[in-house]
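Right, one structure below, let's go through it.
Here, each number is a calculation from the coordinates, and none is a lab measurement. Just so you know, these numbers come straight off a predicted model, no measurement behind them. When we count neighbours, we look across all protein chains shown, and the Cβ atoms used for this are built from the backbone with ideal geometry, even at glycine.
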Amino acid sequence: MDVTVAVLAGGRGSRIGGDKALVPLAGRPLIGYPLAAARAAGLPAVVVAKGGTKLPPLDVPVLLEPDEPTHPLLGIVTALDGLPAVIALPCDMPFIPPTALAALAEIDADVAILRPGQPFPAMYRRATLPRLRAALAAGASVRSTQGQSRLAPVATAAMRPGAARAVNTPEDLIAAEEWLSRR
């Protein structure tokens, strides 16, 4: 497989109080969950972050993106500069099942999404790089770049309800802790 999971950690984390990758969820840093899902899916992973991003000790490469802009497309572009294909997965999505990542990696398309209308996780091939760079320069959303692409939604039978939730706020963190305690 030529697909690498690119865990995006370059955001400010302002809604959760900063240093999002380090936020503890059930005793583990938030970034540890998507990295574990990539490992369980049998996919290599990298973390894409700004130079000043605080990260826990990691056993995967860290790709440094420019300090500006703060936009998820910058992380995707940075990853695709050196990799043939990536599954973009924010560090704040702790519940994505490994089977979903493995299914995305198998899609033969320039862009594949897990669920229509949801920008993450999504698989991008290097062929999309010019379009992504143009969208980034225009300040476009990730969703708008996917809408212009050939989409290949993945069957989501393995997706548990809530698996695609993000942990962006202290309230989201409380909900995630509760969700984990019920599992």
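What to note about this one:
- Placing a label point 7 Å from the Cα of LEU55 along the Cα-to-Cβ direction, the residues of the range 4-24 whose backbone N falls under 16 Å of that point are 4-13, 19-23.
- Normalised contact order of the chain, rounded percent, pairs of Cα under 8 Å and 6 or more residues apart: 25 percent
- The charge dipole of the chain, taken about the Cα centre with unit charges on the Cβ atoms of Lys, Arg (+1) and Asp, Glu (-1), comes to about 260 debye, rounded to the nearest 20.
- Label-reachable residues, the range 1-24, where backbone N falls under 11 Å from a point 7 Å from THR169's Cα toward its Cβ: 15-16
- Computed over the Cα atoms of the chain, the ratio of the radius of gyration to the Kirkwood radius (Rg/Rh) comes to 0.93.
- A Gaussian network model of the chain, with springs between Cα atoms under 10 Å, assigns the largest mean-square fluctuation among LEU83, LEU114, LEU43 to LEU83.
- In terms of other Cβ atoms within 10 Å, ILE113, ILE96, ILE87 run from fewest to most in the order ILE113, ILE96, ILE87.
- Computed over the chain with a Gaussian network model linking Cα atoms closer than 10 Å, the most mobile of VAL60, VAL167, VAL46 is VAL60.
- Placing unit charges on each Cβ (+1 for Lys and Arg, -1 for Asp and Glu) gives the chain a dipole about its Cα centre, and among VAL77, GLY18, ALA140 the Cα reaching farthest toward its positive end belongs to ALA140.
- The LEU129 and ASP19 beta-carbon pair, evaluated with R₀ = 22 Å, returns a calculated FRET efficiency of approximately 0.15.
- When shorter helices are ignored and each DSSP H run of at least 4 residues is given -39500 (n - 2.57), the per-residue value for the chain at 222 nm works out to -9000 deg cm²/dmol.
- Choice from ALA166, ALA26, ALA109 showing the highest fluctuation, given a GNM over the chain with Cα pairs closer than 10 Å: ALA26
- Antiparallel bridge percentage (DSSP; both residues within the chain; nearest 5): 40 percent
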